[in-house]
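Engineer: My questions all concern the structure below.
The values are calculated or read from the model by the stated rules, or taken from the named source; none is laboratory data. From a predicted model like this one, the values you see are computed outputs, not experimental measurements. Neighbour counts are summed over all protein chains in view; Cβ atoms, including those assigned to glycine, are modelled from backbone coordinates with ideal geometry. What goes into the accessible areas is simple: the full protein's heavy atoms, side chains included, and nothing from ligands, DNA or RNA. Shrake-Rupley method; radii C 1.70, N 1.55, O 1.52, S 1.80 Å.
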2 protein chains.
Amino acid sequence: MKKLRIKDIAKDLSISKTAVSFILNGRAQEKRISGELVERVEKYIQEVGFRPSAIARGLRTGKSNIIGLMVESISDPFFATIARLIENEAYKEGYRIIYCSTDNDTEKTKELINVLRERNVDGYIISPPPGVEKEINELIKAGMPVVMFDRYLAKVKTDYVVIDNEFSAENATRYLLKQGYRNIGFITFSSSLTQMKGRMKGYRTALREEGWKPYVLEIDFTPDEKVMVQTVKDFLVANPKLDAVLFGAVQAGACGLKAMTQLKMKVPQDLAVISFDDHDIFELFATPVTAIAQPIEKIAHKVISLLLDRLDAENGAGVVKEIVLKTRLKVRASSGVKAE
Amino acid sequence: MKKLRIKDIAKDLSISKTAVSFILNGRAQEKRISGELVERVEKYIQEVGFRPSAIARGLRTGKSNIIGLMVESISDPFFATIARLIENEAYKEGYRIIYCSTDNDTEKTKELINVLRERNVDGYIISPPPGVEKEINELIKAGMPVVMFDRYLAKVKTDYVVIDNEFSAENATRYLLKQGYRNIGFITFSSSLTQMKGRMKGYRTALREEGWKPYVLEIDFTPDEKVMVQTVKDFLVANPKLDAVLFGAVQAGACGLKAMTQLKMKVPQDLAVISFDDHDIFELFATPVTAIAQPIEKIAHKVISLLLDRLDAENGAGVVKEIVLKTRLKVRASSGVKAE
DNA sequence: TTGAAAGCGCTAACAA
DNA sequence: TTGTTAGCGCTTTCAA
């Protein structure tokens, strides 16, 4: 049973290719094709399980019905969850997803943009590394819908969805201060990205305004987690005065908790903890960890809605929408009042 | 700057379309095109950033260079990690990935297979739900390379990569028995899939041979985790004799640990724990949890290698490779010797 | 080495 | 309502 084409269907049913095509595309009524014929064709198509070639259609129409999703790493739980939610909503609208992991690598991302481009994807959802402004702007200039999330690029004028990083970090830091902690560290991955800069800024602001000194550790990301855990351990040992720490991301938090466990530090007695991103590890840690929870569902929903809007719009351009969502501080035992 | 076509390149360089095409496909030497010309064309292509349309090429050649990846849910950390590793290796070989989450839903999966089929994907990596034997067999009959993983379908004769579920579960159960536990429960998601059946069987075998009674809870999966946690709580409360429990999957383990935390049960004093799949939550739990770790890298590597082999082979058929990998019991404090 | 031309399967303008 | 036809951009055969 070889693959059928529209032509075959038409021949089998002794009707025209055009009619089949119109019926397939739901334009039967518009083209005034008899309901009787429509039914006959649909029944036949059903029977033989005919599926028109998306490739051929794509070549002809210039639409691929594919959305390119570029994230730092699809295995990151935050991005994996977003990917899942986006997939669901996109699917309902007839779009499929091709994903790429950028590793936050500028050159790799440029290449990946080209890869998606040659596949004629209809729209892009990008959590961009720094340095790809030019490439994304070219995409936009070529009329492609692009939505950024998690971070944005100041020099790229297109929709984005982010959280209020600065406020969230400041708020969490102030919370620690209110609980009685004074020497509060900030541990995060080194990054020039907007979201990390915002978190860092909020942390520094809170401390500065209250007159306390910042202690910052920027971890270089490596695939070998042990190395990163060791970095955190060294930092904690080198700064025994610390009584609290804010982690800038879930992986930083995971490394930190492992480091603290290995150092046999008690939470919150030896060190209070708050981390960005909520995750099972924080809920289940020996002392449940206070987390700055991102509204993941809302982020995913906004992202795909914005993209679908642009996809529908046709007319390109339109107002640029910059969405900033609020986080929620989920207070748990790790940030309890300082005992002394 | 509109999109270039091969034709434009040829015109700009005053040479033939054919030459450009051959050079693009690395067949210049074979076609005895002068090195000088090749260089000139490559330089120009570089300069203007020309990328041939993958769609047009796909239509012409029948190859899409896309691999379809179908997993239960891309947000599941196990599948997300696999997806990432597969992406990397596939990318090196020039393949891109379209993913779909099946939700383990038979009808949805059938539809998704068709979706991938109409996109002309070159190969399939599937972690199949039950009931899609017919559809997958059709794929295979049509000459499509298919590799299954995590579980397999007995009635589908194609490559697969799984772990030794039965042995792993039996081994873990025996370990608990050796540590002095006697009333050992098994908590898992309800499933007729091979991997879960294997785990169940191994668990039962160990208990039967040692003369102890099984206690099984099969959780119905729901997106609302609270419901599942409650189910586990009810089960634990209803079976106060339990002194140990084996979780059949990481999510079951997560639900279980949450339930136990809420019930203020101490591990391992009130209940010893071992879970399938290793994960940060197990490492970081108040009492670190013994885990049956799957060799994720090896699984991903095997899966994509098998698929690439088949993709290269052309000749279809070939011997069916059924790979069974070993797991590793990572012993932690949650399965310490029973105190009494 | 090069050029012409067919055709992958589909859509859609146009004519009937 | 229906049929014809011209491409979409690329690969590849064949002849020059």
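Engineer: Do you know which residues across the range B:27-41 are in contact with a helix residue (DSSP H, G or I) (Cβ under 7 Å, 6 or more places away or on another chain) and either on the phi > 0 side of the Ramachandran plot or within 14 Å of DNA strand D (Cβ to nearest atom) (or both)?
Structural biologist: Correct list: B:Ala28, B:Lys31, B:Ile33, B:Val41.
Engineer: Moving on. Output the residues belonging to the range B:123-136 that are within 11 Å of chain A (Cβ to nearest Cβ) and buried (at least 22 other Cβ atoms within 10 Å of the Cβ).
Structural biologist: Within the range B:123-136, no residue meets the criteria.
Engineer: Let me ask something else. Can you pull out the residues in the range A:263-299 that are more than 14 Å from chain B (Cβ to nearest Cβ), outside any loop (DSSP other than H, G, I, E, B) and closer than 20 Å to B:Glu283 by Cα?
Structural biologist: A:Ala272, A:Ile274, A:Phe276, A:Thr290
Engineer: Being within 16 Å of DNA strand D (Cβ to nearest atom), surrounded by fewer than 22 Cβ atoms within 10 Å (Cβ to Cβ) and of a type in the set (S, T, N, Q) is the filter; apply it to the range A:48-77 and report the residue that is nearest to the chain's Cα centre (by Cα).
Structural biologist: A:Asn65
Engineer: On the basis of being under 16 Å from A:Ile98 (Cβ atoms), assigned by TED's automatic domain parsing to the domain that holds B:Pro128 and out of contact with any helix residue (DSSP H, G or I) (no Cβ under 7 Å at 6 or more places or on another chain), does B:Tyr95 make the cut?
Structural biologist: yes
Engineer: Here's a check for you: in the range B:102-111, which residue that is out of contact with any helix residue (DSSP H, G or I) (no Cβ under 6 Å at 6 or more places or on another chain) and within 11 Å of chain A (Cβ to nearest Cβ) is surrounded by the most Cβ atoms within 10 Å (Cβ to Cβ)?
Structural biologist: Filtering first and then ranking leaves B:Lys108.
Engineer: I would also like to ask the following. Filter the range B:194-214 for residues that are surrounded by 20 or more Cβ atoms within 10 Å (Cβ to Cβ) and not β-branched (Val, Ile, Thr) and give the result.
Structural biologist: Those that are surrounded by 20 or more Cβ atoms within 10 Å (Cβ to Cβ) and not β-branched (Val, Ile, Thr): B:Gln195, B:Met196, B:Gly198, B:Arg199, B:Met200, B:Gly202, B:Tyr203, B:Ala206, B:Leu207.
Engineer: Here's another thing I want to ask about it. Quick check on this structure: which one of A:Asn114, A:Asn120 is within 11 Å of chain B (Cβ to nearest Cβ), free of Cβ contacts under 8 Å to residues at least 24 places away in the same chain and surrounded by fewer than 22 Cβ atoms within 10 Å (Cβ to Cβ)?
Structural biologist: A:Asn114
Engineer: Kindly indicate whether any position in the range B:249-266 is touching a Lys or Arg at 6+ places or on another chain (Cβ under 8 Å), open to solvent by 10 Å² or more (accessible area, probe 1.4 Å) and either modelled with pLDDT of 95 or more or outside the structural domain of B:Pro77 (by TED's automatic domain parsing) (or both).
Structural biologist: yes
Engineer: Something else now. Using the structure shown, decide if B:Tyr175 is in contact with a helix residue (DSSP H, G or I) (Cβ under 7 Å, 6 or more places away or on another chain) and open to solvent by 30 Å² or more (accessible area, probe 1.4 Å).
Structural biologist: Yes: the conditions hold for B:Tyr175.
Engineer: Still on this structure: Given the criterion surrounded by 16 or more Cβ atoms within 10 Å (Cβ to Cβ) and within 14 Å of another protein chain (Cβ to nearest Cβ), identify the matching residue among A:Ile15, A:Ile33, A:Ile45, A:Ile9.
Structural biologist: The unique qualifying residue is A:Ile45.
Engineer: Same structure, new question: For B:Lys321, only one of the following conditions fails: (1) assigned by TED's automatic domain parsing to the domain that holds B:Val156; (2) modelled with pLDDT under 95. What is its number?
Structural biologist: (2)
Engineer: Here is a further query. Among the listed residues B:Tyr99, B:Tyr91, which satisfies the condition of being more than 16 Å from DNA strand D (Cβ to nearest atom), free of Cβ contacts under 8 Å to residues at least 12 places away in the same chain and among the aromatic types (Phe, Trp, Tyr)?
Structural biologist: Selected residue: B:Tyr91, the only one of B:Tyr99, B:Tyr91 that is more than 16 Å from DNA strand D (Cβ to nearest atom), free of Cβ contacts under 8 Å to residues at least 12 places away in the same chain and among the aromatic types (Phe, Trp, Tyr).
Engineer: Another question, then. Quick check on this structure: which one of B:Ser53, B:Ser16, B:Ser21 is of a type in the set (Ser, Thr, Tyr), touching a residue at least 12 places away in the same chain (Cβ under 8 Å) and near DNA strand C (Cβ under 9 Å from one of its atoms)?
Structural biologist: None of the others qualify; the one that does is B:Ser21.
Engineer: So in the range A:78-96, with the set limited to residues that are of a type in the set (A, V, I, L, M), more than 7 Å from chain B (Cβ to nearest Cβ) and under 11 Å from the mean Cα position of the chain (by Cα), which one is farthest from A:Leu24 (Cα to Cα)?
Structural biologist: A:Ile82
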